[in-house]
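None of the figures in this text is laboratory data; all of them are computed from the coordinates on show. Everything numeric here is computed off the predicted structure, so don't read it as measured data. Here the Cβ positions follow ideal geometry from the backbone for every residue, glycine too, while neighbour counts run over all protein chains shown.
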Amino acid sequence: MEIYVRKPLYRKLQKRIIMITLLVCFIPLILLGGIIYYQFANVYKEKIEDQVKYKAKSESNAVKIFLKERTSILSTIVDTNKFDFLKQQDNLFNVFEVINHRADNLGIVDLGIIDNTGQQLAYAGPYNLKGLNYEEQPWFNEVMAKGVYISDVFMGFRKMPHFIIAVSGYDRSGKWILRATIDSDIFNRLVKTAQTGRTGDAYIINKEGIFQTAPRFTGKILENSGIDITTLGEEASFEENKNTDGDTKYYAGAWLKNNEWLLVISQETGREMSGLFATRNLVVGIILFGCLAIVITTVFTTRTTLNRLAEADEGISELNAQLIQSDKLAALGKMAAGIAHEVNNPLAVIGEKAGWMKDLLEDEEFQESENFKEYLTSIEKIEHHVERARKITHNMLGFARRMEPHLDDVDLNEILIQTVELLESHARINNIEIQKDLQEDLPVIASDQSQLQQVFMNLINNAIDAIGSNGSIEIKTSRVKSNLIISIKDNGEGISAEQQRKVFDPFFTTKAAGKGTGLGLSVSFSLIEKMGGTITFESKKTEGTTFHVTLPVVIPEKK
C-alpha cells in the first residue's frame with residue numbers, strides 16, 4: 001500500500017487517538033471538579049445554616065434572659081413592698097431611682113402602680129401619666145388574669161412604639177399591678193447584636209407577623225413582615241427561600257414569650273457565599289486551563305508521533321521500492337553478462353568470416369575487380385565494428401563478473417577509457433560531451449579493476465543525470481606524491497548545502513522517484529574506502545559538481 005493511500009488512515013487514527021485521550025482525561029477531571037465543588041458548596045451551605053441556627057438560638061436565650069431579668073426585678077419589688085407603700089408617689093419614685101442606679105441599662109423607662117379598677121395611682125417616669133385609667137387596655141385584663149404579662153409593642157398614650165412588663169400583687173384590698181415600660185432602643189440594640197455580615201438581619205415579630213423590633217433593611221416597627229410563621233418551629237428551625245432578586249436567603253426562627261414572639265435571623269447567601277463563588281470560578285478556571293493544556297499537549301504529541309510514524313512508513317516504502325529497483329538492476333546485470341556471452345559468439349563468427357573474406361581479396365582475380373576498393377573498405381568497416389562490439393561486451397563482462405575484492409594490475413586510464421566507451425552513446429544522445437585529460441605516465445597499480453570500473457561508472461552516470469542535456473563532463477587523472485587522483489567534473493545543477501550532508505547516505509538520492517536507488521555513491525564510497533582510498537566532492541548550486549577519487553599507489557607484485 002502506497003504512503004498516499006495510508007494518509008487518510010493516519011488522519012483517522014489521529015482523530016481517534018485524540019478523541020479517546022481527551023475523553024479519558026476530561027471525564028475524570030470534570031467529575032472531580034464537580035464533586036469537589038458540590039461537596040464544598042454543601043459544606044459552605046451547612047456552615048451558613050448552622051451559623052444562622054446558632055445565632056437564632058443564642059440570641060433567643062439572650063432575649064429570654066433580658067425579659068426574665070426585668071420580670072424578676074418587678075416581681076421582687078411586688079413581693080417585698082406593700083401596695084400602700086408603693087402607691088405613694090415619693091416611695092415609688094425612690095424605688096425607681098434605686099433600681100436604675102444599681103442596675104445600669106435595665107431599659108426600664110418608668111414605673112406605675114395601678115389598682116384593680118385600672119386607675120394609675122402613682123407614676124415615676126418622664127411622662128405625665130398619673131391618674132390615667134388602663135381598665136380598657138387589653139393588657140390590663142391579661143395581667144389581672146395571669147399575674148405576669150409582657151405585652152406586644154404598641155403605641156399607647158405615649159404615641160410611640162414600646163412594650164410593657166406588668167406584675168400583679170395582692171393585699172387585703174384586692175389585686176394591684178406594678179407596671180414598667182421597657183426602653184425600645186435598648187431592646188432593639190440587644191436584638192441587632194445577632195445581625196452578622198453585610199446581609200444578615202435580626203428582628204422580632206409577633207404571632208400576626210408584625211414587627212416588634214426594627215429590621216435592618218426593609219420594614220418598620222408595627223408593620224407587617226409578610227413572613228409565614230407556620231414554617232418556623234419551636235427551637236431554632238430553618239428555612240430556605242429566594243427573594244425577588246433571585247438570591248437565596250436563609251431564615252432561622254426561635255419562639256419567645258410563651259410562643260407569642262418569634263425571633264427571626266435571616267442571611268442572604270449571595271455576598272456571604274462570595275468566597276464559594278470565587279472558589280468555584282477558580283476551580284472552573286483551573287479545569288479550563290487544564291483542559292486547554294491537555295488538548296494542546298494531546299494534539300501536539302499525537303501529531304508528532306503519527307507524523308514520525310508516517311515518515312518512517314514512507315521511508316520503509318521508499319526503501320522497499322529501492323530494494324526492488326536494486327534487485328532489478330542486479331538481475332539486469334546478470335542478464336547483461338549473459339547477453340554479452342551470447343553476443344560474443346556471433347561476433348567471433350562475423351570477425352572470422354570478415355578475416356577470411358579479406359584473405360580472399362588478396363587473390364589476383366579479386367584485385368583486378370572494379371569494386372575491389374569497395375569490398376576492402378566494407379570488410380575493414382565490418383572488422384572495426386566487430387572489434388568495437390567486442391570491446392563493449394568485454395567491458396560489460398568485466399563490470400558484472402564479480403564483487404569480491406581481487407587484485408589486478410590496473411591501468412586507471414584504460415579503465416576510464418573503457419567506462420567512457422560504455423556510456424558515450426548515452427551521453428551523445430543527451431548532447432553531453434565527455435572530455436578526457438588523462439596523464440600518460442600513470443603507474444600501473446594493484447587494485448580491483450571490476451570494482452573501480454563500477455565506481456567510475458556510477459560517478460560518470462551521476463554526472464550525466466545531473467546535467468540532463470546540453471553540457472560537458474571533464475575527466476582528469478593525475479599523480480600527487482604517492483596517490484593517484486581521478487577527478488570527474490560536470491556543469492550540472494550542483495548539490496544544495498542541505499543535501500551535501502546526505503550524499504553518501506544509503507538510499508539518499510536527488511533523482512525523481514523510480515530513477516535512482518540512492519545506493520550508487522554509498523556503495524562507491526565503501527568500495528574506495530576498502531581499497532584504502534577516499535572520495536570527496538565540491539559542489540555549488542547552479543555551478544556543477546566535482547568528485548575526487550584518491551587511490552594509493554600500490555605496485556603490483558612481480559609475476
Going through K7/K502; K476/K530; K45/K207; K53/K249 one by one, the pairs whose alpha carbons sit over 20 Å apart turn out to be K7/K502; K476/K530; K45/K207
Distance in nm between E223 and I294 label points, each 7 Å along Cα→Cβ, equals 5.3
Check: in region 75-181 the Lys pairs 8 or more apart or on separate chains whose Cα atoms fall under 25 Å apart number 10
Between Q89 and K57, Cβ-based FRET efficiency (R0 51 Å, step 0.05) works out to 0.75
The FRET efficiency for K481 and N344, from their Cβ-Cβ distance with R0 = 51 Å and rounded to 0.05, is 0.80
A chain fully extended from R280 to E557 at 0.36 nm per residue, minus the present Cα-Cα distance, gains in nm 90.4 nm
On the formula 1/(1 + (r/R0)^6), with r taken between the Cβ atoms of L29 and R303 and R0 of 25 Å, the FRET efficiency rounded to 0.05 is 0.70
Sparse-neighbourhood loop hits (GluC sites (Glu not before Pro), region 36-137; DSSP loop; Cβ within 10 Å at most 12 others) -> E136
Charge tally for neighbours of T298 with beta carbon under 15 Å away, counting Lys, Arg as +1 and Asp, Glu as -1, is +3
The answer for the net charge of residues other than M357 whose Cβ lies under 13 angstrom from its Cβ, with Lys and Arg +1 and Asp and Glu -1, is -4
In nm², the average projected area of the convex hull spanned by the Cα atoms of region 411-559 is 9.1
Note: K541 to R172 extended length (0.36 nm per residue) minus current alpha-carbon separation gives 119.2 nm
Computed Rg/Rh for region 125-174 (Cα atoms; Rh = Kirkwood radius) stands at 0.98
Charge tally for neighbours of F40 with beta carbon under 14 Å away, counting Lys, Arg as +1 and Asp, Glu as -1, is +2
In whole percent, the Cα-Cα distances of region 24-105 spread across 5 Å bins from 0 upward as 3, 11, 11, 12, 8, 7, 6, 6, 6, 5, 5, 4, 4, 4, 3, 2, 2, 1, 0
Reduced to Cα centres, the span from region 199-224 to region 107-122 in Å works out to 29
Among trypsin sites (Lys or Arg not before Pro) in region 98-199, those in a DSSP loop whose Cβ has at most 16 other Cβ atoms within 10 Å are K130, K159, R172, R198
Taking alpha-carbon centroids only, region 63-91 lies from region 123-180 a number of Å equal to 12
For region 1-272, shape from the Cα gyration tensor axes a ≥ b ≥ c, cut at a/c of 1.5 then a/b versus b/c, turns out prolate
Per the C-alpha gyration tensor (a ≥ b ≥ c, the square roots of its eigenvalues), region 63-105 is rounded if a/c is under 1.5, else prolate if a/b beats b/c, else oblate; here it's oblate
